[in-house]
Structure formats: structure tokens, C-alpha cells
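The values are calculated or read from the model by the stated rules, or taken from the named source; none is laboratory data. This structure is a prediction, so every number in the text was calculated from the model and none was measured. Every residue, glycine as well, gets a Cβ built from its backbone with ideal geometry; the counts of neighbours run over all protein chains shown. With ligands, DNA and RNA removed, areas are computed over all heavy atoms of the protein, side chains included. Shrake-Rupley method; radii C 1.70, N 1.55, O 1.52, S 1.80 Å.
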Amino acid sequence: MMPSYETEYQRSLSDPAGFWAEKADILTWHTPPQKTFSASFHKEDFHIKWYEGGTLNLSENCLDRHLETRSHETALIFEPDVDGPAKTYTFQEMHKEVCQIANHLRGLGIKKGDRVTLYMPMIPEAIFSMLACARIGAIHAVVFGGFSAASLADRLDDCESALLITADQGQRGGKIVPLKENVDKALSLSQKKTVQNVLVFQHTGATVSMEEGRDLYAHALPANADCPAVEMGSEDPLFILYTSGSTGKPKGVLHTTGGYGVYTTHTFKDIFDYKPGERYWCTADVGWITGHSYLVYGPLLNGATLVVHEGVPNYPDAGRIWQIVEKHKVNILYTAPTAIRSLMAKGDAHVTAHDRSSLRILGTVGEPINPTAWTWYKDVVGENRCPVVDTWWQTETGGILISPLPQDPTRQKAGSVTKPFYGIQPALLDEQGQEIEGAGEGALVIKHSWPGQMRTVYGDPDRFFDTYFTTYPGYYFSGDRAMRDEAGDYWIRGRMDDVVNISGHRLGTAEVESALNTHNCISETAVVGIDDPLTSQALMAFVTLKKGKTWDAEAFPNELNHILRDVIGPIAKVKIFVPAGDLPKTRSGKIIRRILRKLSEGQGDQLGDLSTLANPQCVEDIQKTLKVGKSV
Ligand code: 7RM
């Protein structure tokens, strides 16, 4: 019999080395690890290492080791943007595809440690390319296909990518995504020009420009499916994934091989209660961490059958997601609250029109889920027979840290992420940085390292330490606020820092501001997150104009959002602009966002201490603008 959660959790805390040493056996190692972990979150001896001495390859773990028993079973089912014939791959076929791409990479001179950027649509080749990188030890850096050419250029330069993998075009909700065209723009914007070649997959078959000597079609390269996997050290980098923080440019979050592999395998197996042969569908794009850990690595390391959909859950209508569930007999579905809320708004008939008897477990991730949406997901979608797992984690954490386990009925609590996974020690800190005992609310931190933890910010180790380990010395600070109830269950409240979560996509207000400030009439901007019933949060921008300019309520919002689209991508869009004569500042000239946040929430009467304010008059002016609804 399985030990209870309590017993297993206590063991994971009292003997972490023994616990995680045993858990490493879930992977196939070339050399078993010598030391389970060594970590300190303190400045003097700051380091994080898991499974040192061990060697393995995750592509081999995802594919080769399943061949003996299940080479002819389905590994991947690809469902196109609009309903049509699905394409399937067995483990054997997928192994072949991955090896062929790995050989293309080798042929282009890519070797262990080189960075390879992927800018791909949600097609099987995106997954194959990630595994091909892992196979030869190249570090993949996937950039979401919805990001702009300028964002892509920044990321290529930051990690000095040697190769870019893309497709002619992508398809999303009936729209064409001009990937290769964006790639061409990005390469001309790139400062460092490190990219030697562009490997292009043909997807829509559109004619795209190909630069002689630089751009190569994958299908035109010689096919060779014999590619031995490179033996990787446990702490060798696996991938870089860029994510927004409260300051500066997005950070390259670096994950390594052994610990990430062990952690994603176990969390997937336990939290989705995966049983061999089941079909698992994660609707996240490969451009996000959910796509890395629970679309690719976690499921494939467990030998799961994946459903991959190029497109969006509500196109051509709100029944599409349930039609796919019915068509492919999906057993486990993992999606985001934004999708759930928007589907709920379209009514139950879209759901009930499709057979969902295959569904067994329902997962959600990315934002807080409101109890109404949770209950709809559970009762209407899951007919009240499928447990819901509301999973809290981050790009930085590599895998799920706090989540229900589906077998435990006491953890079906609408709106709560319930309890920590094995080995995870969350704590809530008060304003003095003291740990809160029992029920309470505070900053959510983690006390002890776990195998899936990020290892550094690529190229900037000081930024890693400064961002996550200085606010509360000795702890990993998540940036989130949380509440713990009497039963010890956690409720995530949202970000405490200048990160805004729009439909589960992270944006730093600093990035948005610096883009808005490029408009030739804008003097200064301050961006805050406001609550939004559909997308969780939305952007509100307070803007001041250069001398002699006047606010044009017709033209400026469009122009400014157009800039955001070009600089960041379509996910960055300001919902409400508030023109202001001046922004509240300290005497040293720092914008006081706390005040703007309060004003945006209509809490102008609770501004607290304004004595540090150099220009108190502007607060009243902004309040007036907000009241008369002059904002646009
Ligand atoms: C996996 C992912 C991380 C931020 C995180 C939270 C928020 C994620 C939940 C959640 C409430 C959840 N990575 N968040 N999951 N909030 N309940 N179940 O989303 O790096 O892109 O974002 O997302 O604020 O800090 S992420």
C-alpha cells in the first residue's frame, strides 16, 4: 500500500537526502549520482546542486528507454488548429524524428553547451527539436511564437544563440503567425549576430524568404536517424527560458538536467496520478514553463501519450476544447483559469454537447482560480467525478510546488492550492520577515532547495541571488502573497511585486513602461496591474506628456498599444490609459507606485502616509481624472 501523504511528506523533510536519493531511481542514469544535494540560500556559501556525480541524458529517458516495451504505442497525437485528420507518432517514430533533428544540429556544428533558440508554432517538431537539443547537450531557449521580432532579437543576443529553429508560419485560432518573417526581422535587429544558421520546418507550406547559406529547410537535409545521446552531468544546463521580473529585461532562467528530470517526473506522476496508457493534454504553449515541464519533460519521462494542439481552446467555438477531449479520449486535462472562465461564459451547452466520460483528472495553473470557475470546472466539465488539481508553481521552480493530490478528497477545496509537494517547505513571512505560525497571510517563501529549482540567471549569477534571496535572507522568495487557513491549506493571493499576470502570462511593469516611453509625445509612464474578471489582471498606464503635447484620446491609446505589440508582443496591451499632469514622486524623484495602485483600485481615501511625496497636488488631479472617467 502507498504510504499516506502525511507520512511521506514528513519523511521528505526529516531525511531529504534519503528521500530524494531514492526518488532519483525513476530515471535511467549512466552513472548514478554520488551526492544527493548540497545547497545554501545564504550569501556566504550560496549554491544549489543536485545529484552531483550522476550522468544521464533526458532525451534518452524520454524516448529510448520506452522503446523496449512500448515502441509501437502512441507517444504523440497532433491535432491541428482547425478540425482535421490528427497525426500520430509512436515512441519509435518520435525517436527517429528526434534523432534526425539532432543529426541536423550536429551537421550544423552545434555541440554540447551551445545555445539553440526555438521560435516555433505548437507542432510536434517543436517538441522534437527540444529533445534533439537535449540529446546532443545543446541548451534550448524556447521563445514563445507570440513574442515580437524585437523580443526575439533581445533573447538571441542575451544567450548568444548559435542556431535558430523555426517554421515558415504558425496557425492560431484561424490566424497566420508569420514566424519566418519575424525571424528575418529579429536577425536584422540582433546586435551580436551570433546566429549562424536558421533551421526551418515547413508547416503551412507558404513561400518564405530563405537567405542563401544561412537558412536551411529541415526536410532538405540528409535524414540520418542514428544519433547516440551525449552523456550529461546532472548539473549540466538543459534549457534557458526567459521570464519577466519586476525590474529590467526578462531574465534567462536556467534549469539543469538531473534534478529537473527527477522533479518533473515525480510531480507529473503523483499530481496527475498518471497511469500507463492514459492520454494527457496540456493546453500550454511550449514557449512557457508549463509547456516545458508538463507538456514535454514530465509526461514523456513517464512515457505518457501526449495530445498536442496547435491553436486555442475556443476556436472556432467554445466547444472545440471538449470536442478534442471527445475525439482523442483525453483522460487528463491541464489548462488555465483564463480559458476556463472564458469557456464558462459561453454556457454549458458547448460542454455537454461532447462526451467527456474519458476525463479522469482536471488540472489548472497560471493564475488564481476563483471558486466559481473552479466549481464550474469540477461540476460541469468533470461531472463532479474528476478531482481538480490547482497547481501553484513558477518558471523559476521548474515544477509544481503546492497542489492537491487527486486521491485525497480533503484537498478538493475551491480556490485553494492546498498543500506542498514532497520535500517542499513553504513559509509565510510577515512584514518584519518573521515566519507566521498557523493560519495567516504573508509573503510566500520556500525554506529548503528542491531538485527542480532554477540554478541561475543565465550570464548573471548576481541577479539570481539579488532577485530571489535578498528580500528575505536565507529564503527563496516567490514574489507571491499567500494565505494559510486553519487546516494548513494555502491560498495564493497574487504577486507582491511589479509583475502583472495577464491570462497566466507574466509581464514586468518596467518592460511595459520602457516600451511606452519610446512614443515621441510621452514623457513618463507608470504601469500597474488592475483586477480583470476574465484575464485575472490587466494593465493600467498612467502617462504624462512632453511639454506642449496634448492627450489625443482617439489616437494615442492605439499608437501606444501598437508600440507594445511591436516591442513585446500581442499579450502586452494596456486596457486603461490615464493621462496625468504629473506622477506622484518622492523628493528624490522616484515614482510611488503604491499610491497609483491604490488610486487604480478606487481607494484614494486609503493612501496612508503621503509625507514623502514631493508633489501631493498630482494625486488629487489623477483622482479627478479617474472619477470623471476621462481615462480611456
Ligand atoms: C507555472 C507558471 C508564475 C506566477 C506565480 C503566481 C502565478 C501560477 C498559480 C498562480 C495562483 C496558481 N509559471 N500562478 N500558478 N497563482 N494559483 N495555481 O505559471 O512563471 O509563468 O508564472 O503565476 O503569481 O508567481 S510563471
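Could you grab me the full set of residues in segment 460-478 that are within 11 Å of the ligand (Cβ to nearest atom) and open to solvent by 10 Å² or more (accessible area, probe 1.4 Å)? If the condition is that a residue be within 11 Å of the ligand (Cβ to nearest atom) and open to solvent by 10 Å² or more (accessible area, probe 1.4 Å), then F477 is the only one that fits.
Scanning segment 380-396 for residues that are closer than 18 Å to W491 by Cα and outside any loop (DSSP other than H, G, I, E, B) turns up V388, V389, D390, T391, W392. Only residues that are under 15 Å from T256 (Cβ atoms) and not charged (D, E, K, R) were counted across segment 21-57, and they come to 17. Consider segment 373-391 and keep the residues that are among the polar types (S, T, N, Q) and touching a residue at least 24 places away in the same chain (Cβ under 8 Å). The one that is nearest to I424 (Cα to Cα) is T391. I need every pair where a residue in segment 32-47 that is without any contact (Cβ under 8 Å) to a residue 12 or more places away in the chain has its Cβ under 8 Å from the Cβ of a residue that is open to solvent by 50 Å² or more (accessible area, probe 1.4 Å), sequence separation at least 6 or different chains. Here the result reads S40/F46; S40/H47, each pair linking segment 32-47 to a residue that is open to solvent by 50 Å² or more (accessible area, probe 1.4 Å). Out of curiosity, is T364 at pLDDT 95 or above, of a type in the set (S, T, Y) and either buried (at least 21 other Cβ atoms within 10 Å of the Cβ) or in a strand (DSSP E or B) (or both)? Yes.
Take Y9 and tell me if it is buried (at least 16 other Cβ atoms within 10 Å of the Cβ) and at positive phi. So that I can check it myself, show each step before the final result.
Numbers: buried (at least 16 other Cβ atoms within 10 Å of the Cβ): yes; at positive phi: no.
The answer is no for Y9.
For the structure I just gave you, tell me whether G608 is part of a loop (DSSP other than H, G, I, E, B), surrounded by fewer than 18 Cβ atoms within 10 Å (Cβ to Cβ) and over 35 Å from the mean Cα position of the chain (by Cα).
It is true that G608 is part of a loop (DSSP other than H, G, I, E, B), surrounded by fewer than 18 Cβ atoms within 10 Å (Cβ to Cβ) and over 35 Å from the mean Cα position of the chain (by Cα).
A102 - would you say it is within 28 Å of the chain's Cα centre (by Cα) and farther than 20 Å from H292 by Cβ? Criteria not met by A102.
Comparison of I595, I622, I576 shows that the only residue that is in contact (Cβ under 8 Å) with a residue 24 or more places away in the chain and assigned to a strand (DSSP E or B) is I576.
Just one residue in the set G277, G291, G287 is out of contact with any Pro (no Cβ under 9 Å at 6 or more places or on another chain), at positive phi and either small (G, A, S) or surrounded by fewer than 24 Cβ atoms within 10 Å (Cβ to Cβ) (or both); that residue is G277. Restricting attention to segment 367-378, the residues being within 12 Å of the ligand (Cβ to nearest atom) and either open to solvent by 60 Å² or more (accessible area, probe 1.4 Å) or over 24 Å from the mean Cα position of the chain (by Cα) (or both) number 0.
In segment 246-274, what residues are open to solvent by less than 30 Å² (accessible area, probe 1.4 Å) and modelled with pLDDT under 95? Hit for segment 246-274 is P250, nothing else.
Whether any residue in segment 336-358 is surrounded by 19 or more Cβ atoms within 10 Å (Cβ to Cβ), near the ligand (Cβ under 10 Å from one of its atoms) and in a helix (DSSP H, G or I) is what I want to check. Looking through segment 336-358, at least one residue is surrounded by 19 or more Cβ atoms within 10 Å (Cβ to Cβ), near the ligand (Cβ under 10 Å from one of its atoms) and in a helix (DSSP H, G or I). Filtered by the rule that a residue be of a type in the set (A, V, I, L, M), within 16 Å of the ligand (Cβ to nearest atom) and in a strand (DSSP E or B), segment 229-276 gives I240, L241, V253, L254.
Close Cβ contacts (under 8 Å, 6 or more residues apart or on different chains) running from residues in segment 490-508 that are within 15 Å of R594 (Cβ to Cβ) and open to solvent by 30 Å² or more (accessible area, probe 1.4 Å) to residues that are near the ligand (Cβ under 8 Å from one of its atoms) and outside any loop (DSSP other than H, G, I, E, B) comprise R495/G479; R495/D480; R495/N501; M496/G479; M496/D480; D497/G479. Exactly one residue among V457, V381, V445 is at negative phi, more than 16 Å from the ligand (Cβ to nearest atom), at pLDDT 95 or above and crowded, with 18+ Cβ neighbours inside 10 Å, and that residue is V381. Given the criteria open to solvent by 40 Å² or more (accessible area, probe 1.4 Å) and within 30 Å of I369 (Cα to Cα), does D531 qualify? Considered against the rule, which asks whether it is open to solvent by 40 Å² or more (accessible area, probe 1.4 Å) and within 30 Å of I369 (Cα to Cα), D531 comes out as yes. R481 meets the conditions (1) under 23 Å from V388 (Cβ atoms); (2) free of Cβ contacts under 8 Å to residues at least 60 places away in the same chain; (3) more than 12 Å from the ligand (Cβ to nearest atom) in every case but one. The failed one is (3). Here segment 142-175 is the region considered, the condition is being open to solvent by 10 Å² or more (accessible area, probe 1.4 Å) and assigned to a strand (DSSP E or B), and the residue that is farthest from A126 (Cα to Cα) is K175. I'd like to verify a number: residues in segment 394-407 that are open to solvent by 10 Å² or more (accessible area, probe 1.4 Å) and under 26 Å from W322 (Cα atoms), how many? The total comes to 3. Taking the numbered list (1) in a loop (DSSP other than H, G, I, E, B); (2) open to solvent by 50 Å² or more (accessible area, probe 1.4 Å) in turn, K185 passes all entries but (1).
So which residues in segment 100-125 are touching a strand residue (DSSP E or B) at 6+ places or on another chain (Cβ under 9 Å), among the basic types (K, R) and over 18 Å from D236 (Cα atoms), if there are any at all?
Looking only at segment 100-125, we keep the residues that are touching a strand residue (DSSP E or B) at 6+ places or on another chain (Cβ under 9 Å), and these are 101, 104-105, 108-110, 112-125.
Filter once more, keeping what is among the basic types (K, R): 112, 115.
Hits for segment 100-125: nothing passes.
Of the residues making up segment 522-573, those that are over 20 Å from T247 (Cα atoms), part of a helix (DSSP H, G or I) and among the hydrophobic types (A, V, I, L, M, F, W, C) are F556, L560. Cβ-Cβ contacts under 9 Å between residues 6 or more apart (or on different chains), taken from a first residue in segment 249-264 that is without any contact (Cβ under 8 Å) to a residue 60 or more places away in the chain to a second residue that is surrounded by fewer than 24 Cβ atoms within 10 Å (Cβ to Cβ), are absent.
Within the bounds of segment 417-438, is there any residue that is out of contact with any strand residue (DSSP E or B) (no Cβ under 6 Å at 6 or more places or on another chain), farther than 25 Å from Y468 by Cβ, open to solvent by 10 Å² or more (accessible area, probe 1.4 Å) and of a type outside the set (A, V, I, L, M, F, W, C)? Break it down into steps so the answer makes sense when it comes.
So in segment 417-438, the residues out of contact with any strand residue (DSSP E or B) (no Cβ under 6 Å at 6 or more places or on another chain) come out as 418-419, 421-425, 431-434, 437-438.
Then drop every residue that is not farther than 25 Å from Y468 by Cβ, which leaves 438.
From the residues that got through so far, the ones that are open to solvent by 10 Å² or more (accessible area, probe 1.4 Å) too are 438.
Adding the requirement that they be of a type outside the set (A, V, I, L, M, F, W, C) leaves 438.
Among the residues of segment 417-438, at least one is out of contact with any strand residue (DSSP E or B) (no Cβ under 6 Å at 6 or more places or on another chain), farther than 25 Å from Y468 by Cβ, open to solvent by 10 Å² or more (accessible area, probe 1.4 Å) and of a type outside the set (A, V, I, L, M, F, W, C), which makes the answer yes.
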